[in-house]
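Asks: Please find one structure pasted underneath; my questions will follow.
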Amino acid sequence: MNRQHLVDCFRALALEAGEKIMEIYEAPDFDVRAKSDDSPVTAADEAADAIIAEGLAQAFPDILVITEEQASTHSQGADRFIIVDPLDGTKEFVQRRGDFTVNIAYVENGVPQLGVVYAPAKNRLFYTTADGSSVEETGPFGPTAGELRPISVTNPDNTALMVVASKSHRDAATDAYIAKYAVRDMTSAGSSLKFCLVATGEADLYPRLGRTMEWDTAAGHAVLLGAGGKVVRFEDHSPLTYGKPGYDNPFFIAYAPGVELQAP
């Protein structure tokens, strides 16, 4: 597997999908429909998915692609696959809050090896390089990569942690768990940006006590791993793995390794 080719393709497709998403986002109005699970879907989800799925099929015809918007892929499995959320944070998109991302990741033997997270409304682009380290590319974003800033997690002070939590899925159980820590401050973010804030050192800890799917997390997980961070299951602190039946995730914690994790 040519990892540089994967990185280059993921980056290009994320940017192309992001451009299309922003065309729809900046329009006066757009339709919002409910999927079978009552989650929202827009024309932007579908247009971005079409761009990414077609590009991946052409570039990597022999690799399974799992994508949120194509239910027929959700029953498939392989030791290596690409997993896509073409528009993560649709609720943020619909409410025009800007915290939505394009997520593309490559998974091998249960571990997200490479990933790209692009937040087009925030003009932020994070990805893993071919050697597995993580960077943030500063715009404007062109056909070739611009200036790259290596990113890494902080060495946190456990007496004053910075915590990031979901904007749309915050609940009492999450607050109760966060209360087990000495928190300096808290911030909120939508979509996979929460992983990236830990990866850049803008936060130390991101607990998620709510339902997510692997396409929601794989790309951000890869970026965090490449920045020296970890993602573990909430209940037993074992590594969060991928390729699970149905692609459902358990509750999890993403964090800088210096954080002293508390029991559930």
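The values are calculated or read from the model by the stated rules, or taken from the named source; none is laboratory data. These numbers were taken from a predicted model, which means no experiment stands behind them. So basically every Cβ, Gly included, is an ideal-geometry build from the backbone, and we count neighbours across all protein chains shown.
Asks: Looking at Tyr242, Tyr206, can you tell me which residue is among the hydroxyl-bearing types (Ser, Thr, Tyr) and part of a strand (DSSP E or B)? Quick ask: steps written out before the conclusion?
Replies: Details: Tyr242 fails: part of a strand (DSSP E or B).
Matching residue, one of Tyr242, Tyr206: Tyr206.
Asks: Now a separate question. Among the numbered criteria (1) over 29 Å from Glu260 (Cβ atoms); (2) polar (S, T, N, Q); (3) in contact with a Phe, Trp or Tyr (Cβ under 7 Å, 6 or more places away or on another chain), which one does Gln113 miss?
Replies: (1) is the only condition that Gln113 fails.
Asks: Go through the range 146-188 and give me each residue that's of a type in the set (Gly, Ala, Ser), under 30 Å from Lys91 (Cα atoms) and surrounded by 12 or more Cβ atoms within 10 Å (Cβ to Cβ).
Replies: Let us first name the residues in the range 146-188 that are of a type in the set (Gly, Ala, Ser), namely 146, 152, 160, 165-166, 168, 172-173, 176, 179, 182, 188.
Now drop any that are not under 30 Å from Lys91 (Cα atoms), which leaves 152, 165-166, 168, 172-173, 176, 179, 188.
Selection gives Ser152, Ala165, Ser166, Ser168, Ala173, Ser188.
Asks: Then there's this: Please state which one of Ile63, Ile104 is among the hydrophobic types (A, V, I, L, M, F, W, C) and either at pLDDT below 95 or more than 22 Å from Thr144 (Cβ to Cβ) (or both).
Replies: Values: Ile104 fails: either at pLDDT below 95 or more than 22 Å from Thr144 (Cβ to Cβ) (or both).
Among Ile63, Ile104, only Ile63 is among the hydrophobic types (A, V, I, L, M, F, W, C) and either at pLDDT below 95 or more than 22 Å from Thr144 (Cβ to Cβ) (or both).
Asks: Picking from Val153, Val107, which residue would you name as being under 14 Å from the mean Cα position of the chain (by Cα) and under 30 Å from Arg3 (Cα atoms)? Don't jump to the end; show me each part of the working.
Replies: Working: Val153 fails: under 14 Å from the mean Cα position of the chain (by Cα).
From the options Val153, Val107, the qualifying one is Val107.
Here's the yes/no breakdown for (1) touching a Lys or Arg at 6+ places or on another chain (Cβ under 6 Å); (2) in a helix (DSSP H, G or I); (3) in contact (Cβ under 8 Å) with a residue 24 or more places away in the chain; (4) not assigned by TED's automatic domain parsing to the domain that holds Arg96:
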residue: Asp175; (1), (2), (3), (4): no, yes, no, yes
residue: Arg184; (1), (2), (3), (4): no, no, yes, yes
residue: Ser188; (1), (2), (3), (4): yes, no, yes, yes
residue: Ser191; (1), (2), (3), (4): no, no, yes, yes
residue: Leu197; (1), (2), (3), (4): no, yes, yes, yes
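Asks: Which residue is farthest from Val32 (Cα to Cα), if the candidates are limited to the range 85-110 and must be in contact with a Leu (Cβ under 8 Å, 6 or more places away or on another chain) and assigned to a strand (DSSP E or B)?
Replies: Restricting to residues being in contact with a Leu (Cβ under 8 Å, 6 or more places away or on another chain) and assigned to a strand (DSSP E or B), the top hit is Tyr106.
Asks: Scan the range 3-22 and give yes if some residue there is assigned to a loop (DSSP other than H, G, I, E, B), out of contact with any strand residue (DSSP E or B) (no Cβ under 6 Å at 6 or more places or on another chain) and free of Cβ contacts under 8 Å to residues at least 40 places away in the same chain, otherwise no.
Replies: If we filter the range 3-22 for residues that are assigned to a loop (DSSP other than H, G, I, E, B), which is where we start, we get none.
Scanning the range 3-22, I find no residue that is assigned to a loop (DSSP other than H, G, I, E, B), out of contact with any strand residue (DSSP E or B) (no Cβ under 6 Å at 6 or more places or on another chain) and free of Cβ contacts under 8 Å to residues at least 40 places away in the same chain, so the answer is no.
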